[in-house]
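These notes concern the structure reproduced below.
The values are calculated or read from the model by the stated rules, or taken from the named source; none is laboratory data. None of the values given here were measured: they were computed from a predicted structure. We place every Cβ from the backbone using ideal geometry, glycine too, and count neighbours over all the protein chains shown.
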Amino acid sequence: MEVNEVFEKVKNLFVEELGIDAEKVTMEAKLEEDLEIDSLGIVEVVMAFEDEFGIEIDDDELTDVGTVGQAVNLLHSKL
Amino acid sequence: MSKRRVVVTGLGTINPLGNNVSDTWENLINGVSGIDSITAFDTSELPVTFAGEVKNFDANDYMGKQHARKLDRSGHLSIYATEEALKDAGLDNEERLGPNVGIVFGTGIGGIGATEDAVRTFDERGPSRVNPLAITQLMPNSSTGQVAIKFGIEGPSLTITTACAASANAVGEAKNMIENGIVDMVVAGGTESGTTSMTIAAFAQIRALSTKNDSPQEACKPFDKNRDGFVMGEGSTVLIMESEESAKSRGVEIYGYVSGYGSTTDAYHITAPAEGGAGAVKAIEKALKDAGISASDVDYINAHGTSTPANDKNETDAIKTVLGEKAHEIAISSTKSMTGHLLGGGGAFESMVSILSIKHSKVAPTINLNTPDEECDLNYTPNNAVDLEINTAMSNSFGFGGHNAVLVFKKS
């Protein structure tokens, strides 16, 4: 899967599942500041990623993930 | 030091009769039933298929999907009702209400729907798929916390869970906080949104619910000989309560005074009321004493009036014990006949009804009261509203667990 395909899937998931405005979801968007995903929300996001991509994500893989782009790259590397 | 007087300056509600105070009041005095067949879930396997649901309310439209999905329905209703109440009290421009405002909310079973969903997910998909928001949605203090966050309420907060007396206790404890100078203002109320397939099944198992599935709007018949149980309802009602000085210095309209609060416990049986409503009698007496009035001063009683055989008889006995001969003259009504039983949200709703009755000089009826019961022989304002100058109104609330909470409201 190409990076831009992963991004489109992530964007769709944020919009459809989490109710985030589509125009806010860019590769540069910060999860906490721009998308208002707090510490509880991150757990939901991870669950949604795991279901969508059929993978498992450990908590320590998330320490460097602060933007949509970083999340997309992490997912892309695991596929 | 004399206690400070406590007034109500704002009201907000969302309930089976309306999504604001004015629609609700109009339906109350017109004797409209808010009860109907359940639309929220499939009832085909259930012994009871009707309830008082909130209608025409979409939380995603109201607060946006991203915010709405973080809250249980009781949280949605709580924020909605609080917003109306704050606007009514002239506080809608406050960014944060701050440390001199407290919050006391009542609920019977909190986010029970979120609990059920989480258990289902756990059973079907395992622990790693349980909703990470489950705890923050199901905890009984969820509404209290969410409302405090939304409106920046930084003073003391309490969540009261005395079943169907919960939000009457909330109004009473808010009164105590203001009287004693702990804060000048309290957002007081109660919310219930516990109409789920499991709670219906469980209440039905103890034969607490009406089973008149063929005639939902006529099913709730407080004080009628053919009453056969209560009807589940959902909703949230919020009162803005503050010291009289605070209201006067803000220059806002005062609806009325929260003058008396009596709270007792039956210590008798977990669901059945004590014989003769003994605990209720003591709560009524305490509320009257707290208000500094005698029983003969009461003009209107908003009864607990659940439509169960046991409550309505024992409540009638309790009123007779305290009021004596006057019991037969006084106007009484059970607005649960129209809303169903709002459980932990009932006391706040009925506090609102009491205050509006004083304001509008009108008593809302007990609908569906057609066949007199010799054991319930008082004036329950059957089927039609009546005009009445009301200076003092009393509201009774009693809960499973044996909790009794009685409030007295005065015009001046």
Can you say whether B:I149 is out of contact with any Pro (no Cβ under 9 Å at 6 or more places or on another chain), within 13 Å of chain A (Cβ to nearest Cβ) and either within 14 Å of B:G102 (Cα to Cα) or buried (at least 18 other Cβ atoms within 10 Å of the Cβ) (or both), as far as the supplied structure shows? yes
Could you tell me how many of the residues in the stretch B:45-71 are more than 14 Å from every other protein chain (Cβ to nearest Cβ) and not small (G, A, S)? 11
Residues of the stretch B:245-277 being closer than 21 Å to B:F409 by Cα, within 23 Å of the chain's Cα centre (by Cα) and among the hydrophobic types (A, V, I, L, M, F, W, C), which ones? B:I254, B:V258
Filter result for A:A71 (touching an Asp or Glu at 6+ places or on another chain (Cβ under 7 Å) and within 23 Å of B:N131 (Cα to Cα)): no
Candidates B:T82, B:T24 - the one that is buried (at least 19 other Cβ atoms within 10 Å of the Cβ) and in contact with a Phe, Trp or Tyr (Cβ under 8 Å, 6 or more places away or on another chain): B:T82
Hey, any hits in the stretch A:51-70 for a residue that's loosely packed, with under 15 Cβ neighbours inside 10 Å and within 10 Å of the chain's Cα centre (by Cα)? yes
Given (1) assigned to a helix (DSSP H, G or I); (2) among the aliphatic types (A, V, I, L, M); (3) within 14 Å of chain A (Cβ to nearest Cβ), index of the condition B:V119 fails: (3)
Does the stretch B:251-264 contain at least one residue that is within 20 Å of B:D88 (Cβ to Cβ), modelled with pLDDT of 95 or more and of a type in the set (D, E, K, R)? yes
Any chance the stretch B:122-130 includes a residue that's touching a Lys or Arg at 6+ places or on another chain (Cβ under 7 Å) and either within 14 Å of chain A (Cβ to nearest Cβ) or in a helix (DSSP H, G or I) (or both)? no
Candidates B:G10, B:G18, B:G31 - the one that is in contact (Cβ under 8 Å) with a residue 60 or more places away in the chain and under 27 Å from B:F105 (Cβ atoms): B:G10
State yes or no: is B:N141 more than 14 Å from chain A (Cβ to nearest Cβ), within 16 Å of B:G344 (Cα to Cα) and either free of Cβ contacts under 8 Å to residues at least 60 places away in the same chain or among the basic types (K, R) (or both)? yes
Residue check, B:A247 among the hydrophobic types (A, V, I, L, M, F, W, C), modelled with pLDDT of 95 or more and closer than 30 Å to B:A208 by Cα: no
Let me spell it out: the conditions are (1) farther than 23 Å from B:A278 by Cβ; (2) among the aromatic types (F, W, Y); (3) under 14 Å from the mean Cα position of the chain (by Cα), and B:F409 meets all of them except one. Which number is the exception? (3)
Of the residues B:D92, B:D72, B:D88, which single one is charged (D, E, K, R), closer than 22 Å to B:V6 by Cα and surrounded by 19 or more Cβ atoms within 10 Å (Cβ to Cβ)? B:D88
Here is a list: B:K286, B:K320, B:K282. Which entry is more than 30 Å from B:R4 (Cα to Cα) and at pLDDT 95 or above? B:K320
Answer from B:D36, B:D88 - the residue that is more than 14 Å from chain A (Cβ to nearest Cβ), touching a residue at least 40 places away in the same chain (Cβ under 8 Å), in contact with a helix residue (DSSP H, G or I) (Cβ under 6 Å, 6 or more places away or on another chain) and among the acidic types (D, E): B:D36
Tell me which helices (runs of 4 or more DSSP H) are completely within chain A and hold 1 or more residues being of a type in the set (D, E) and away from chain B (no Cβ under 12 Å), or say none if there are none. A:3-18, A:39-53
